[in-house]
Amino acid sequence: MKNFRLSANSIGLFIAELWKLDLTKAWRVTIVQWREHRSNSQNSFQHVIYTEISNYLMSKGRTDWDFDKTKFEMKNNFLGWEVTECTNVHTGELTTKETLIATSSLDVGEAGHYITKLLDFAQNIGCTIKIPAQCEYRDYLDKQNN
């Protein structure tokens, strides 16, 4: 059990999931307020930003900054890395490795903050990115300013 939405209506299901765990082991339990993951609209806008930054840098002679490199470097610089537990499929041995934080793991607020960092970076290098009048990121900004 990795992620479970706990509410008054789901406590019984949560307890049932707990009983499925290997109780001979200790488990770390973290409880945080539930927030919805970033939206498809936020994800789409992130991809627009990666594309714009990539195109801008390539036009300035940085021909190695294709979309994939731009996305990687933006996540590397502004999201960072986390330790992920992995299981060797042959031996069953648990190991850990560092993996780049996935934007799909961000909640709506975290994704909005990340987009702000991307836009600030773009502006600082001289790359202008238009924020559509009707988009969830603009709604996020409006909520932050009220």
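At the residue level, ILE15 shows approximately 80 square angstrom of accessible surface with a 1.4 angstrom probe and all protein chains present. Taking LYS20, LYS69, LYS60 in turn, the Gaussian network model of the chain (Cα-Cα springs below 10 Å) assigns the largest fluctuation to LYS20. Computed over the chain, the per-residue total of -39500 (n - 2.57) for DSSP H runs of n ≥ 4 gives a 222 nm mean residue ellipticity of -15000 deg cm²/dmol, rounded to 500. Taken over the range 64-115, the ratio of Cα radius of gyration to 2.2 N^0.38 Å equals 1.44. Close amide-amide hydrogen proximity is noted between ASP107 and ARG38, each under 5 Å apart and 5 or more residues distant or on a separate chain (H modeled in the peptide plane; Pro and chain starts excluded). Which of GLN134, GLN46, GLN123 moves most in a GNM of the chain, Cα contacts under 10 Å? It is GLN134. Treating r as the C-beta distance of LEU13 and LYS69 and R0 as 30 Å, the FRET efficiency rounds to 0.10. For LYS97, the shell of other residues with beta-carbons less than 12 Å away shows a net charge of -3, using +1 for Lys and Arg and -1 for Asp and Glu. Stretching ALA26 away from ARG62 to a fully extended chain increases their span by 8.0 nm, per 0.36 nm per residue minus the current alpha-carbon distance. What the range 50-146 shows is 65 Å² of accessible area per residue, with the surface traced by a 1.4 Å probe over protein heavy atoms.
With a 1.4 Å probe rolled over the protein heavy atoms of all chains, the accessible area of VAL89, VAL29 falls in the order VAL89, VAL29, largest first.
Model label sites at THR95 and THR116, defined 7 Å from Cα along the beta-carbon direction, differ in position by 3.9 nm. With a Cα cut-off of under 28 Å and a minimum spacing of 8 residues unless on different chains, the lysine pairs in the range 39-146 number 20.
Of the GluC sites (Glu not before Pro) found in the range 39-109, those in coil by DSSP whose Cβ has at most 12 other Cβ atoms within 10 Å are GLU93. The distance between label points at ASP139 and THR84 comes to 3.0 nm (points 7 Å beyond Cα on the Cα→Cβ vector).
Bridge orientation summary for the chain: considering DSSP beta bridges with both residues in this region, about 100 percent are antiparallel.
With semi-axes defined as the square roots of five times the eigenvalues of the C-alpha gyration tensor, the equivalent ellipsoid of the chain measures 36, 23, 10 Å, largest first. Please express the shape of the range 75-146 as an equivalent ellipsoid: the semi-axes are the square roots of 5 times the eigenvalues of the C-alpha gyration tensor, given largest first in whole angstrom. Equivalent ellipsoid of the range 75-146: 35, 15, 9 Å, largest first.
The values are calculated or read from the model by the stated rules, or taken from the named source; none is laboratory data. Quick caveat, the model's predicted, so the values are computed rather than measured. Counting neighbours? That spans all protein chains shown, and the Cβs are built from the backbone with ideal geometry, glycine included. When the accessible area is computed, the model is the full protein with side chains, heavy atoms only, and any ligands, DNA or RNA have been set aside. Shrake-Rupley method; radii C 1.70, N 1.55, O 1.52, S 1.80 Å.
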